[in-house]
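The values are calculated or read from the model by the stated rules, or taken from the named source; none is laboratory data. What you are looking at is a predicted structure, and each value in this text was computed from that prediction instead of being measured. Please note: Cβ atoms are built from the backbone with ideal geometry, for glycine as well, and neighbour counts cover all protein chains shown. These accessible areas exclude ligands, DNA and RNA; they are computed on the full protein's heavy atoms, side chains included. Shrake-Rupley method; radii C 1.70, N 1.55, O 1.52, S 1.80 Å.
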Amino acid sequence: MAIRRVLSLSRSLAASSASAASLLSPGRNPSWGRDISRFSTAALTEEEVIIPPVQVEHTQLLINGQFVDAASGRTFPTFDPRSGDLITHVAEGDEEDINRAVFAAREAFDDGPWPRMTAYERSKIIYRFADLLEKHNDEIAALETWDSGKPYEHTANVEIPKMTRLFRYFAGWADKIHGLTVPADGPYHVQTLHEPIGVAGQIIPWNFPLMMYAWKVGPALACGNTVVLKTAEHTPLSALYVSKLFHEAGLPPGVLNIISGFGPTAGAALASHMDVDKIAFTGSTGTGKIILELASKSNLKAVTLELGGKSPFIVCEDADIDKAVELAHSAVFFNQGQCCCAGSRTFVHERVYDEFIEKSKARAMRRIVGDPFKKGVEQGPQIDKAQFEKILSCIRSGIESGATLETGGERFGTKGYFIQPTVFSDVQDDMAIATEEIFGPVQSILKFKDLDDVIQRANKSRYGLAAGVFTNNIETANTLMRSLRVGTVWINCYFVFDAAIPFGGYKMSGKGREKGAYCLNNYLQVKAVVSPLKNPAWL
Amino acid sequence: MTIQSNGHSENPIKIPKIKFTKLFINGEFVDSISGKTFETIDPRNGEVIARVAEGDKADVDLAVKVAREAFDQGQWPRMTGFERGRIMMKFADLIDESIEELAAIDAIDAGKLFTSGKAVDIPSVANMIRYYAGAADKIHGQMLKMSRPFQAYTLREPIGVVGHIIPWNFPSTMFFMKVAPALAAGCTMIVKPAEQTPLSALYYAHLAKLAGIPDGVLNVVTGYGSTAGAAISSHMDIDMVSFTGSTEVGRLVMQAAAQSNLKPVSLELGGKSPLIIFNDADVDSAVNLALLGILYNKGEICVAGSRVYVQEGIYDEFVRKAAAKAKTWVVGDPFDPRSQQGPQVDKTQFDKILSYIEHGKREGATLLTGGKPCCEKGYYIEPTIFTDVKEDMLVVKDEIFGPVMSLMKFESVEEAIERANNTRYGLAAGIVTKDLNLANRVSRSIRAGIIWINCYFAFDNDCPYGGYKMSGFGRDNGLNSLDKYLQVKSVVTPIHNSPWL
């Protein structure tokens, strides 16, 4: 996901009359609350494209507290997924820029004030950053929606406030990172120091650009590390904007460096850098493997991976069907289906299966697809043409393999990368739509008989990121929560992503945990200090 | 010692107008039910600053009733830890906006140095609130490892309505040392400040309301220990009492708790803390540390280093230098930035300290320096050092709570440990040495809640402290202090066919 080699040429060719210049032209306000395109209605017309209420201010790399061009002078285009139109050109960082950024981060760590100031002072800077995020919430949200196609209402009302909340959470940790005093087998005094690990490399994906930024940057900085972060080439803009705010909040130069660019160049350089002490990656399982390999071939840097998933959502026979339908629907369709932990295998008990299909289909048909800047829109465009085409081909494979297409299955409209909310029933375990991560608005519904059956089938996946369980029976809930080999089990809820709740994968969904107290360990070294005791009063 | 002024000198700072003198109950400032008031005195000159509502049992009952309601039905324990933390952050910001006024209030009410109040005490309480604000969303229970097929976990629930009884020596710091973790935990509370220093607590109550702390969550009842304090400790509807003060009163609080509803008690009491200085110490800096240890806040601090043990190799030099240094110590109006020591809090304390000094002289201790009141007005006492003291003298055994040091000589480390532990108290200790082995050994050997090696008074938000022995139990500061405001509830349910246990 995050490392993709090819930017489709056709995207720039698809640029229409709404050029970047006209998108930025003043005097046109966004037309909130105009007619809403439902899934079954006609496509967006050109007049309906809403002008994002924000301007792009930063397109250069952020190294050592300065916005700078790429060493090569190269840039790459970033597009509006609503239309495929160009938003702007962004500096394209590659190996040389990574080297510059790592050098700055190294110096900031080895000699700079950041790890040397008190944890409370660090926390105050992070708190100040959170206050600035809050102040600029709507601009940040607009930029995020423009670059990624995420519905603006959600970005502005949920995601950016949640990002702010995450930074406040990590700020509160900074002065509560405790080592231990440790019992010894003899007359020794033993203590553990929890030291920052050093320079952290971080590579984040395009599906939740700023949320992922918060998950990565928050704990790394709270622990006293310095960071080089590579954003996804699809969504480079918001990280640059907020990182500027971070410096306004008092972050010393070199502590947080942002490189826009591509995976095979910038990403690979970061993962294989000899002076980077830790790498954290969120993206596809395929790329995760490459990261791990590059780390092992270079300096054996510690690796955290948060990768793909094919998460089961299990609806038991006692479930309240209407609620289950709604939750299962949002579990897969939220964020255009572009969630690593999307509940993309909906297992439904045979006794409630028919009713569930009927209602899920109806719910999908009611889903409101359209310009993400429009009020009430639930689903925007997919991120780019490649993803768009990949999802459509997955849908074709579903049809060819004999699953029943209940609704959707086509492109939505004629412009941009919108896809109809799609529901398949009669899905079998071995079909590609039940095994592959589609990363799109495609629900695959499977029927199950009993708990043993569903546990075995739910676990029959190389992924293990999350699971949903819908039941009011405490025995069923207890059995499932322990039996599912996944990093998060949501019971009668889904996508509950509090700052304090750890998140991460079993199996090929990754390693390590993000958020919560657990994620601090990713950014800390543990140093044991031992010294003899002469005549101690006790041991 | 240098005398600067006596409280009537030209004050560089305007004395603030006192705005809050009533009880704070359920978000309102109210008169006491009896209508009674008491005087609060400026210790610089013995003059009345203001008359303050005198709360007693009836007022405590009322405060408990609203705190109970705020806990049982109100939003405070029902909002998320993060939301509580946000309100607490606001509270801290409001304090930051009033630093000067608050420092001035503590200076006139408690005789505390205005400059250090402004630079240290008041900003520190804002920082302390922020520390606990950041802790409010990090209170974790545990999943348990059961020996049978059970799923079990612990919930750490707020304990309920808390009573805080706080002393006069650090009116602001003590207020928040108790209130901040209790707020973070989700408790509601009644605070009884000391009758000597009721003013800043009422000011904080006002700021709490502005910050958005819901009515009934934080109540302040000013009044006396024997009436209001006793009513809190023996109240049947208070779930926990946290007390800082003397060992004698601590005993009464615990007794009242035992005789009423067996509420848990946390006590932070008196001390007679040793400072042990070894031969390898740098004498000049050891002298500075020792003087700071006993003279800081005029010796009115429970962790004062009131017993100073100096190893024989450097003893004579230490005595000489300590005497010289004590004579340059500046006693004077707490508003004067040159002052290092203000007046004792009130006449009772002042008289008590002087009588201890007289007693020490009668018992045969040598008065190295000081020993007398100074300034013609107010409760100022000279920095006082006794030498040639014996372990069984009252000045070595009792907590004097004034600027009076007992300076003693020792030979071996074993002797130092034994004598340092020869006390019914166990609050703090200081060690001055460059020898790692000595430092490690003595740290483990001293029976006290906090050990400062080559430093003293190194308090920190994250650093718990509290007493061994008759210095009390329970810890303030750090995440440990949350424990006393939380209940632990275990929840257990059977599980079937679990793939692991």
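Using a 1.4 angstrom probe on protein heavy atoms only, the contact between A and B buries about 2800 square angstrom of accessible area, both sides summed. Note on B:Glu376 and A:Arg396: their simple-model spin labels are 10.5 nm apart, each label 7 Å out from Cα toward Cβ.
Longest span of chain B, sites excluded, free of GluC sites (Glu not before Pro) in DSSP loop with at most 15 other C-beta atoms within 10 Å?
Numbers: sites that count: B:Glu10, B:Glu376, B:Glu391, B:Glu411.
The reported range is B:11-375.
Placing R0 at 56 angstrom, the Cβ-Cβ distance between B:Gln73 and B:Asn437 gives a FRET efficiency of 0.45 after rounding to 0.05. For the stretch A:312-500, pairs of C-alpha atoms spaced more than 27 angstrom apart make up 22 percent of the total. With a/c under 1.5 counting as rounded, go ahead and sort the protein assembly as shown into rounded, prolate or oblate using the C-alpha gyration tensor (a ≥ b ≥ c being the square roots of the eigenvalues; past the cut-off, prolate if a/b is larger than b/c, else oblate). Prolate is the answer for the protein assembly as shown, as a/c is 1.5 or above and a/b outweighs b/c.
Rounded to the nearest 0.05, the FRET efficiency derived from the C-beta distance between B:Ser34 and B:Met236 at R0 = 25 Å is 0.70. Dividing the helix sum by the residues of chain B, where each DSSP H run of 4 or more adds -39500 (n - 2.57), gives a mean residue ellipticity at 222 nm of -11000 deg cm²/dmol. Prolate is the label for the stretch B:11-269. Its Cα gyration tensor axes, ordered a ≥ b ≥ c, give a/c of at least 1.5 and a/b above b/c.
With both labels modelled 7 Å from their Cα along Cα-to-Cβ, the A:Ser296 to B:Asn497 distance reads 3.7 nm. Taking all protein chains together and rolling a 1.4 Å probe, B:Asp282 ends up with roughly 80 Å² accessible. Partner shielding of A:166-176 amounts to 5, given as the average count of beta-carbon atoms from other chains within 10 Å of each residue beta-carbon.
A simple charge model with +1 on the Cβ of Lys and Arg, -1 on the Cβ of Asp and Glu and nothing else charged puts the dipole of the protein assembly as shown at about 1080 debye relative to its Cα centre.
Distances between placed amide hydrogens fall under 5 Å for B:Ile139 paired with no residue 5 or more residues away or on another chain. In plain terms, the chain from B:His206 to B:Leu292 could stretch by 27.6 nm, reckoned as 0.36 nm per residue minus the Cα-Cα distance. Which of the pairs A:Lys278/A:Lys385; A:Lys447/A:Lys511; B:Lys298/B:Lys397 have their Cα atoms more than 21 Å apart in this structure? From the list (A:Lys278/A:Lys385; A:Lys447/A:Lys511; B:Lys298/B:Lys397), the Cα-Cα distance tops 21 Å for A:Lys278/A:Lys385; A:Lys447/A:Lys511.
Solvent exposure of the protein assembly as shown amounts to 36 Å² per residue of accessible area, where only protein heavy atoms count and the probe is 1.4 Å.
Could you give the longest part of chain B that holds none of the trypsin sites (Lys or Arg not before Pro) found in DSSP loops with at most 16 neighbouring Cβ atoms within 10 Å? Working shown, then result.
Values: sites that count: B:Lys14, B:Lys17, B:Lys19, B:Lys36, B:Lys145, B:Arg338, B:Lys377, B:Lys390, B:Arg424, B:Lys434.
Within chain B, the longest run free of exposed trypsin sites (Lys or Arg not before Pro) spans B:146-337.
Report in % the part of the accessible area of the protein assembly as shown that belongs to carbon and sulfur, leaving out ligands and nucleic acids; probe 1.4 Å. Working shown, then result.
On the way: 19860 of 37870 Å².
With neighbouring chains kept in place, the figure for the protein assembly as shown is 52 percent.
Taking the Cα centre of the stretch B:11-269 as origin and assigning +1 to Lys and Arg Cβ atoms and -1 to Asp and Glu Cβ atoms, the resulting dipole is close to 680 debye. By the rule of a C-alpha distance below 16 Å, with chain neighbours fewer than 8 residues away ignored, the lysines paired with A:Lys507 are A:Lys289, A:Lys310, A:Lys460.
For A:Glu92, the amide hydrogen comes within under 5 Å of the amide hydrogens of A:Ala70, A:Arg74, A:Thr75, A:Phe76, counting only partners 5 or more places away or on other chains and with H modelled in the peptide plane.
The modelled label-to-label distance between A:Asp354 and A:Val526, using points 7 Å beyond Cα along the C-beta direction, is 5.7 nm. Residues whose amide H lies under 5 Å from that of B:Met240, counting only those 5 or more places away or on a different chain, are B:Gly163; hydrogens are built 1.01 Å from N in the peptide plane. For the stretch A:499-539, the set of trypsin sites (Lys or Arg not before Pro) satisfying both a DSSP loop assignment and a count of at most 15 other C-beta atoms within 10 Å is given as A:Lys534. Report the GluC sites (Glu not before Pro) located in the stretch A:318-381 that are in a DSSP loop and have at most 14 other Cβ atoms inside 10 Å of their Cβ, or state none. Answer by residue number: A:Glu350. Taking every DSSP helix (H) stretch of at least 4 residues in chain A, weighting each as -39,500 (n - 2.57) and dividing the sum by the residue count yields a mean residue ellipticity at 222 nm of -10000 deg cm²/dmol. Candidate cross-link partners of A:Lys375 among the lysines, defined by an alpha-carbon separation under 21 Å and a same-chain spacing of 8 or more, comprise A:Lys150, A:Lys162, A:Lys415. Between the stretch B:419-435 and the stretch A:439-490, what is the C-alpha centre distance in whole Å? Centre-to-centre distance over Cα atoms comes out at 59 Å. For the listed residue pairs A:Lys323/A:Lys361; B:Lys19/B:Lys90; A:Lys124/A:Lys515; B:Lys352/B:Lys372; B:Lys112/B:Lys377; B:Lys17/B:Lys209, the alpha carbons are over 18 angstrom apart in B:Lys19/B:Lys90; A:Lys124/A:Lys515; B:Lys17/B:Lys209. For chain B, the equivalent ellipsoid built from the Cα gyration tensor has semi-axes of 39, 30, 19 Å, listed from largest to smallest. Paramagnetic label reach from B:Asp388 (point 7 Å along Cα→Cβ; backbone nitrogen cut-off under 15 Å): within the stretch B:405-435, residues B:407-409.
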